[in-house]
Amino acid sequence: MGGGLSGLTLAYLLSKQNIGATILEASSRLGGRIQTATGTLETPLELGATWFSDVHQNLCTLIDELGLKKFEQFSKGKSLFQTKSFEPPQEFFVPESQSPSYRIVDGTQTLINTLANQLDNENIKLNTKVATITNLGNELELETSNEQKLQADKVVLCLPPQLVGSRIQFFPGLPNSVSTVLPIVQTWMAGSIKFVLEYDNHFWRNNGYSGMLFSHSGIVSEMHDHTNAEENKFGFTGFLNGGTISYSQEIRKEFVLRQLAEFLGSEVLNYSSYSDKVWADEFIMSKNQTILRPHQNNGNPLLQNSYMNDKLLFSGTETATEFAGYMEGAINSALRVYEQIKSSSNGK
């Protein structure tokens, strides 16, 4: 269950062993917390997961295996750091790194689409919300919100643990220790607001700026250059202050443009498109969201175990013991479950 990076990677790995897998995705799209928008000028603009580095070895291996390309995040020139609204931003320069950040050529969504293309389209079911999971002995029965019933030898939950705890009923119920921890596993990106701006040129580079900005007082708390690999499509991406979640998108755009124009000049106002994404919908957050510290209960030992007579397993980046919250964590969790399923299949 779950058509994000973890679920798609797991299905891809299983398909190479001729082990069939069906992806049940509650929303109308694949990708989970990966979402690449297309600007007016067809610029790939990241509203979700974007960056990775060489330490994310399993992600880099998967990218190479699928024939995708990566490129370095641009950071040359003057960067800006604003501490107080009534003081001008400080300028700083980022030294070249031994381990630079990368992006995927043509957008992170390319990774999702390429994985999905390796699978049988009939085994990918969108708009399919699972309401109950029942142990029938030799198999598990899943019932969807529209009362459709499906049977499976194994079920892997590749979605935020908080959603598992709040949206799915289990018969018989999961152990109390598991039910207790699910609501307090911090969900990465939950409540975040990511924005993108598209331009027909990179005027900031021409003016000696890197496009990198950090602020403690403006609506834009973090921003980066978002020019594509070919350097023929241009823009910014970054994060907005979470306190603006109640603003309309139009008001957020107004504040973003005002802040950036103050720092980078009036050319900021000549944008081609603006968009932002509030990561607070039903596919990422439960209704009774608890304020949690970063990484709280990510990689919890209870999420590594199997349940319902070894037929129910957890995957997803929050379950990873390394790089939880990153794309690497999603892949690491898929690799762990893949080995568990392969081992049990060989043992039959």
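The values are calculated or read from the model by the stated rules, or taken from the named source; none is laboratory data. Quick caveat: nothing in here was measured; it's all calculated off a predicted structure. Cβ sites come from the backbone with ideal geometry, for glycine too, and all protein chains shown count toward neighbours.
Worth pointing out:
- Test result for residue 92, modelled with pLDDT under 95, touching a Ser or Thr at 6+ places or on another chain (Cβ under 8 Å) and at negative phi: yes
- Every residue from the range 42-67 that is part of a loop (DSSP other than H, G, I, E, B), touching a strand residue (DSSP E or B) at 6+ places or on another chain (Cβ under 6 Å) and not β-branched (Val, Ile, Thr): 47
- Single residue of the range 77-93 satisfying the filter (out of contact with any strand residue (DSSP E or B) (no Cβ under 6 Å at 6 or more places or on another chain) and not polar (S, T, N, Q)) that is nearest to residue 63 (Cα to Cα): 93
- Just one of (1) surrounded by 14 or more Cβ atoms within 10 Å (Cβ to Cβ); (2) closer than 21 Å to residue 211 by Cα fails for residue 129. It is (2).
- Odd one out for residue 37, checked against (1) in a loop (DSSP other than H, G, I, E, B); (2) within 19 Å of the chain's Cα centre (by Cα); (3) farther than 19 Å from residue 315 by Cα: (1)
- Of the helices (runs of 4 or more DSSP H) that lie entirely inside the range 150-246, those containing 3 or more residues that are under 22 Å from residue 139 (Cα atoms) and not hydroxyl-bearing (Ser, Thr, Tyr) span 161-167.
- Selection status of residue 248, at pLDDT 95 or above, closer than 28 Å to residue 171 by Cβ and of a type in the set (S, T, N, Q): no
- Count of the range 122-149 residues, restricted to those that are in a strand (DSSP E or B) and within 22 Å of the chain's Cα centre (by Cα), is 3.
Here is a yes/no grid of residues against (1) modelled with pLDDT of 95 or more; (2) farther than 30 Å from residue 332 by Cα; (3) basic (Lys, Arg):
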site	(1), (2), (3)
221	yes, no, no
230	yes, yes, no
258	yes, yes, yes
264	yes, yes, no
281	no, no, no
288	no, no, no
296	no, no, no
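- For the residues 76, 70, 84, the requirement of being surrounded by fewer than 13 Cβ atoms within 10 Å (Cβ to Cβ) and farther than 29 Å from residue 152 by Cα singles out 84.
- Residue 52 vs. criteria surrounded by fewer than 17 Cβ atoms within 10 Å (Cβ to Cβ) and either more than 24 Å from residue 124 (Cβ to Cβ) or of a type outside the set (Asp, Glu) (or both): no
- Residue in the range 271-278 that is surrounded by fewer than 19 Cβ atoms within 10 Å (Cβ to Cβ), more than 18 Å from the chain's Cα centre (by Cα), at pLDDT below 95 and among the hydroxyl-bearing types (Ser, Thr, Tyr) present: no
- Residue 140 in contact with a strand residue (DSSP E or B) (Cβ under 7 Å, 6 or more places away or on another chain) and surrounded by fewer than 20 Cβ atoms within 10 Å (Cβ to Cβ): no
Here's the yes/no breakdown for (1) crowded, with 22+ Cβ neighbours inside 10 Å; (2) farther than 23 Å from residue 134 by Cβ; (3) without any contact (Cβ under 8 Å) to a residue 60 or more places away in the chain:
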{"position": "154", "(1), (2), (3)": "no, no, no"}
{"position": "158", "(1), (2), (3)": "yes, no, no"}
{"position": "167", "(1), (2), (3)": "no, no, no"}
{"position": "174", "(1), (2), (3)": "no, no, no"}
{"position": "178", "(1), (2), (3)": "no, no, no"}
{"position": "184", "(1), (2), (3)": "no, yes, no"}
{"position": "191", "(1), (2), (3)": "no, yes, no"}
{"position": "197", "(1), (2), (3)": "yes, yes, no"}
{"position": "200", "(1), (2), (3)": "no, yes, no"}
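- Whichever residue in the range 190-230 is more than 30 Å from residue 163 (Cβ to Cβ) and of a type in the set (Ser, Thr, Tyr) and, among such residues, is farthest from the chain's Cα centre (by Cα): 209
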